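S.K.: Structure below; questions to follow.
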Amino acid sequence: MKNIVILISGTGSNMKAIVQRAQSQNWRERFQASVALVLASNPNAQGLAWAQENGLPTAVVDHRAYKDSPNPRHAFEEQLIQTIDPFKPHLVVLAGFMRILSAETTRHYAGRMMNIHPSLLPAFTGLNTHQRALDAGCKFAGATVHWVSEELDAGNIIDQAVVPILHTDDEHSLSQRVLSAEHQLYARVIEEHLKQ
Ligand code: GRF
């Protein structure tokens, strides 16, 4: 059985979409995989409560707990790895995980860690992607699933989903359209990967 570990920080709607797919009939048998852990970097993440209510194994590694360490990021990531690795993950799925990981940690999970980014990479890395796409006058927006590498939002692209930008769009309406596309895209990409 291939273990999937999903990392979240907030709403967790992508995690929810993936879990719902993974809980559908015959999924475990078809893909020989299951969601072994949902890990949140924030104890108040909405997605964490949903995962608990749905009987999934959960963990919290609160990045704020390490703020007084000599090297807070290192201490946080060390705990992250210690929490994830006992599950021997086939795949670590970043789904709205709002911490930038060090090169050391990305190397540790090289080829096993995916992220979803709400733009058509390589355009609009970083934050505020929807407003930036609107400001640039783009006619299309979308989302990208990519392997996580040392450079932020720059790992190899696995797949993308494209949505139109309407002349009536604002940041909210565009983000909702992209997010719906993300939910389809991420689950599909994970399934494709598990089939290999
Ligand atoms: C998504 O837009 C994702 O692309 C970005 O953060 C957002 C997370 O949303 N990385 P959710 O927590 O999955 O609802």
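The values are calculated or read from the model by the stated rules, or taken from the named source; none is laboratory data. Source: prediction; values computed, not measured. Virtual Cβ from ideal backbone geometry, glycine too; neighbours counted across all protein chains shown. Side chains included, ligands, DNA and RNA excluded: accessible areas come from the protein's heavy atoms. Shrake-Rupley method; radii C 1.70, N 1.55, O 1.52, S 1.80 Å.
S.K.: Output yes when any residue across segment 103-112 is surrounded by 14 or more Cβ atoms within 10 Å (Cβ to Cβ), among the aliphatic types (A, V, I, L, M) and at pLDDT 95 or above, and no when none is.
M.R.: no
S.K.: Let me ask another. Name the single residue, out of those in segment 1-15 being closer than 24 Å to Gln79 by Cα and open to solvent by 30 Å² or more (accessible area, probe 1.4 Å), that is farthest from the ligand (Cβ to nearest atom). So that I can check it myself, show each step before the final result.
M.R.: Of the residues in segment 1-15, the ones closer than 24 Å to Gln79 by Cα are 2-12, 14-15.
Now drop any that are not open to solvent by 30 Å² or more (accessible area, probe 1.4 Å), which leaves 2-3, 11.
Numbers: Lys2: 22, Asn3: 20, Thr11: 4 Å.
Among residues in segment 1-15 that are closer than 24 Å to Gln79 by Cα and open to solvent by 30 Å² or more (accessible area, probe 1.4 Å), the one farthest from the ligand (Cβ to nearest atom) is Lys2.
S.K.: If you don't mind, another one. Which of (1) buried (at least 19 other Cβ atoms within 10 Å of the Cβ); (2) within 16 Å of the ligand (Cβ to nearest atom) does Ala33 not meet, given it meets every other one?
M.R.: (2)
S.K.: So Glu104 ticks every box in (1) closer than 21 Å to Ser41 by Cβ; (2) part of a loop (DSSP other than H, G, I, E, B) but one. Which box is left unticked?
M.R.: Condition not satisfied by Glu104: (2).
S.K.: Oh, and also: Before we move on, is Gln176 outside any helix (DSSP H, G or I), within 13 Å of the ligand (Cβ to nearest atom), under 26 Å from Gly137 (Cα atoms) and open to solvent by 30 Å² or more (accessible area, probe 1.4 Å)?
M.R.: Values: outside any helix (DSSP H, G or I): no; within 13 Å of the ligand (Cβ to nearest atom): yes; under 26 Å from Gly137 (Cα atoms): yes; open to solvent by 30 Å² or more (accessible area, probe 1.4 Å): yes.
So Gln176 fails the test.
S.K.: Could you list, in sequence order, the residues of segment 69-109 that are among the charged types (D, E, K, R) and without any contact (Cβ under 8 Å) to a residue 60 or more places away in the chain? First the steps, then the outcome.
M.R.: Here is the first cut: in segment 69-109, the ones among the charged types (D, E, K, R) are 73, 77-78, 85, 88, 99, 104, 107.
If the condition is that a residue be among the charged types (D, E, K, R) and without any contact (Cβ under 8 Å) to a residue 60 or more places away in the chain, then Arg73, Glu77, Glu78, Asp85, Glu104, Arg107 are the ones that fit.
S.K.: Hey, could you check segment 155-173 for residues that are part of a loop (DSSP other than H, G, I, E, B) and aliphatic (A, V, I, L, M) and say which is farthest from Asn128 (Cα to Cα)? Talk me through it step by step, then tell me what you get.
M.R.: Step one: of segment 155-173, the residues part of a loop (DSSP other than H, G, I, E, B) are 155-156, 165-170.
From what is left, the residues that are aliphatic (A, V, I, L, M) are 165-166.
Details: Ile165: 15, Leu166: 18 Å.
Looking at residues that are part of a loop (DSSP other than H, G, I, E, B) and aliphatic (A, V, I, L, M), I get Leu166.
S.K.: Which of the following residues is out of contact with any His (no Cβ under 9 Å at 6 or more places or on another chain), open to solvent by less than 10 Å² (accessible area, probe 1.4 Å) and not β-branched (Val, Ile, Thr): Pro43, Pro57, Pro70, Pro89? Full working, then the answer.
M.R.: Numbers: Pro43 fails: open to solvent by less than 10 Å² (accessible area, probe 1.4 Å); Pro57 fails: open to solvent by less than 10 Å² (accessible area, probe 1.4 Å); Pro70 fails: open to solvent by less than 10 Å² (accessible area, probe 1.4 Å).
Of the residues listed, the single one that is out of contact with any His (no Cβ under 9 Å at 6 or more places or on another chain), open to solvent by less than 10 Å² (accessible area, probe 1.4 Å) and not β-branched (Val, Ile, Thr) is Pro89.
S.K.: Based on this model, can you work out whether Ala75 counts as of a type in the set (Gly, Ala, Ser), in a helix (DSSP H, G or I) and modelled with pLDDT of 95 or more? Before the answer, list the steps.
M.R.: Details: of a type in the set (Gly, Ala, Ser): yes; in a helix (DSSP H, G or I): yes; modelled with pLDDT of 95 or more: yes.
The answer is yes for Ala75.
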